[in-house]
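Below: one structure, written as structure tokens.
The values are calculated or read from the model by the stated rules, or taken from the named source; none is laboratory data. What you are looking at is a predicted structure, and each value in this text was computed from that prediction instead of being measured. Using ideal geometry, Cβ is built from the backbone for each residue, glycine included, and neighbour counts are taken over all protein chains shown. These accessible areas exclude ligands, DNA and RNA; they are computed on the full protein's heavy atoms, side chains included. Shrake-Rupley method; radii C 1.70, N 1.55, O 1.52, S 1.80 Å.
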Amino acid sequence: MRLNVNVVVNGRSHALEVGAHETLSDVLRERLGLTGCKVACDQSVCGACTILVDGDPVSACSTFMFKVDDSKITTVEGLAAGGVLTRVQEAFLQDGAFQCGFCTSGMILLVTALLARDPNPDDATVQQWLSSNICRCTGYNSILAAVRRASAGLRTEAAA
Amino acid sequence: MLAQAIHPPAPPHPIAMRSRKHISPFNLVRARTVDEAGQAMAASRNARYVAGGIDLIDLMKSGLEVGTIISLDAIPGLRGISLEGDRLFIGALTTHADIAESELLHRHVPGFREIWATVANLRIRMVGTFGGNLISALPHYDAPAACAALGAVGRVRKAAGEYMDAPVTALGGDKSALLEGTFIDVHEPVRLLADRSLHPVLSVYLAVRPTGMRATIACAFARPHVIDLPLDASLAQADVAAEVAASAPAMMESSIASAAYQRRMIAVLLKRLLKRAAERQP
């Protein structure tokens, strides 16, 4: 069964005809070329496919495309405006919060969602959020440092 | 007004799909009322309701073929938590994140919100629904265990169109039944405790009311194992916990924990909960 689905992806509106059975991750990657949405476990466990749907972190691999009709979707490709990295992206670079990089786009979107809700989260909250995405390289300490750096940067920005 | 990109239809079998598991095509019905959903179920062969969809999409990637999927997203009134007289109502489409943030639920069933902030991962909590968890009723799922401890009942529309209230432990398995929501009796104070430290090997829940306590043991059994306990059980924690563990029915086969280990851990986790109940710890 074919359906018409309208979505805004990274600020751009798209009218798509999709199969009812198509997943969000497949449409993002294969139709829109947004390969920053990684697929690893393919069952909503690892978090590599994390994208934002109306600001909430969601597993694209476990979401039917029809479920996001009329939604706003953000992938890692939509974060940097005009080539200028966001505070979260910049912090990940400065703290070396990645090694192989496969989890990084999902991690960055997860942290972006967290700091949008709570610009100054305590360590327990940060750890609880990060525990939902798997990184097998860093041991998480550098990612935690990046979250703290981005959070401090956002607070400075807000105070200025 | 944003410029809209119009995309041509994709080829029917795109090559190089990243998802490694193929999902068979199906028909989609977007129901606007519970009765419309029920009628679509009655009129379709091999149909399933979908709420959050996480379990269903997983099953379909593993080969489950479904003729028609009936989406419940557009039905008003199925998401949210409300107080109806002496009963709390949790709509079937209420997400785990909604529960973890509910002030009303926290006020009437202390402990529930804190437990739900640790259920599954954050992305699943954002999308996964309480009703879906009850209907899927996998042995390690938390909603059946929590609801069984609280003596909750589910409001269900059966395939023939009649409505009935059923104990939550009876909800799993009937894919043609549509769960509207779950009622929890709060006419007397009740709090919920859980030890999920060994999840998914074992979880133990304990509902504490002035008139008695009910424990449920999940993960080790196909359905939560329910034990009613007198209030003074919290004073003889070790004895009661050991007795419950010894008398528990046979465990399911597990590749990660032996039955003997699970039985031993029932005693350990239940003793911890009874101690918390006696000391009125959260």
Net charge, B:Pro249 excluded, C-beta distance under 12 Å - Lys, Arg +1, Asp, Glu -1: +2
Could you estimate the translational diffusion coefficient of chain B from the Stokes-Einstein equation, with Rh from the Kirkwood formula over C-alpha pairs, at 10 °C and 1.306 mPa s, in whole µm²/s? 78
Measure nothing fancy, just the Cα-based angle from helix B:34-43's long axis to the longest principal axis of chain B, in degrees from 0 to 90, nearest 10. 70
Please state, to two decimals, what the Cα-based radius of gyration of the protein assembly as shown comes to when divided by 2.2 N^0.38 Å (N = residues). 1.03
Dividing the helical contributions, -39500 (n - 2.57) per DSSP H run of n ≥ 4, by the residues of the protein assembly as shown yields a 222 nm value, nearest 500 deg cm²/dmol, of -9000 deg cm²/dmol
Measure up B:Lys61/B:Lys175; A:Lys67/B:Lys175; A:Lys67/B:Lys61; A:Lys38/A:Lys67 against 23 Å on the Cα-Cα distance and list the ones that go over. none
Give the angle, between 0 and 90 degrees and rounded to the nearest 10, that separates the Cα long axis of helix B:237-247 from the longest principal axis of the Cα atoms of chain B. 60
Taking only complete DSSP H runs, can you tell me which helices of chain A stretch 24 Å or more along their own long axis by Cα positions and average at least 0.0 on the Kyte-Doolittle scale? A:141-159
Row for the stretch B:27-71, column shape: gyration tensor on C-alpha, a ≥ b ≥ c, rounded if a/c < 1.5 i.e. under 1.5, prolate if a/b over b/c, else oblate; value oblate
Evaluate peptide A:19-25: per residue, the Cβ atoms of other protein chains within 10 Å of its Cβ; return the mean as an integer. 6
Compactness index (Cα Rg / 2.2 N^0.38 Å), the stretch A:2-78: 0.96
Under 1.5 on a/c is rounded, so check that first for the stretch B:141-221, then, if it is not, pick prolate when a/b is larger than b/c and oblate when it is not; a ≥ b ≥ c are the square roots of the alpha carbon gyration tensor eigenvalues. oblate
For the stretch A:87-159, what is the Kirkwood hydrodynamic radius in Å, using each pair of distinct C-alpha atoms? 11.9
If you take the square roots of the eigenvalues of the alpha-carbon gyration tensor of the stretch A:51-124 and sort them as a ≥ b ≥ c, do you get rounded (a/c under 1.5), prolate (a/b over b/c) or oblate? prolate
At 10 °C and 1.306 mPa s, what whole-number value in µm²/s does Stokes-Einstein give for the translational diffusion of the stretch B:81-185, with Rh from the Kirkwood sum over Cα pairs? 117
At 7 Å along Cα-to-Cβ for each site, give me the label-to-label distance between A:Thr125 and B:Ala238 in nm. 4.2
Based on the alpha carbons, how large is the Rg to Rh ratio for chain A when Rh follows Kirkwood? 0.98
At what distance in nm do the modelled label points of A:Leu85 and B:Asp86 sit from each other, each positioned 7 Å from its Cα along Cα→Cβ? 6.1
Given the whole protein assembly as supplied and a 1.4 Å probe, what does the accessible area of A:Trp129 come to in Å², nearest 10? 20
Give the span of the stretch B:174-282's Cα atoms along each principal axis, as three whole-Å numbers ordered largest to smallest. 42, 40, 22
What is the average number of partner chain Cβ atoms found within 10 Å of a Cβ in B:50-59? 4
Residue order for B:Arg107, B:Arg123, B:Arg48 - accessible surface, 1.4 angstrom probe, largest first: B:Arg107, B:Arg48, B:Arg123
Roughly speaking, what is the centre-to-centre gap between the stretch A:45-64 and the stretch B:98-134 when only Cα atoms are used, to the nearest Å? 19
To the nearest 10 degrees, how steep is helix B:259-278 against the longest Cα principal axis of chain B, on a 0 to 90 scale? 70
Looking at the stretch B:24-147, send over the antiparallel percent of its DSSP beta bridges, to the nearest 5. 40
Given a Förster radius of 35 Å and the C-beta distance between A:Ala15 and B:Leu64 as r, what FRET efficiency does 1/(1 + (r/R0)^6) yield to the nearest 0.05? 0.70
7 Å from Cα along Cα→Cβ at both A:Leu93 and B:Asn27: what's the point-to-point distance in nm? 5.3
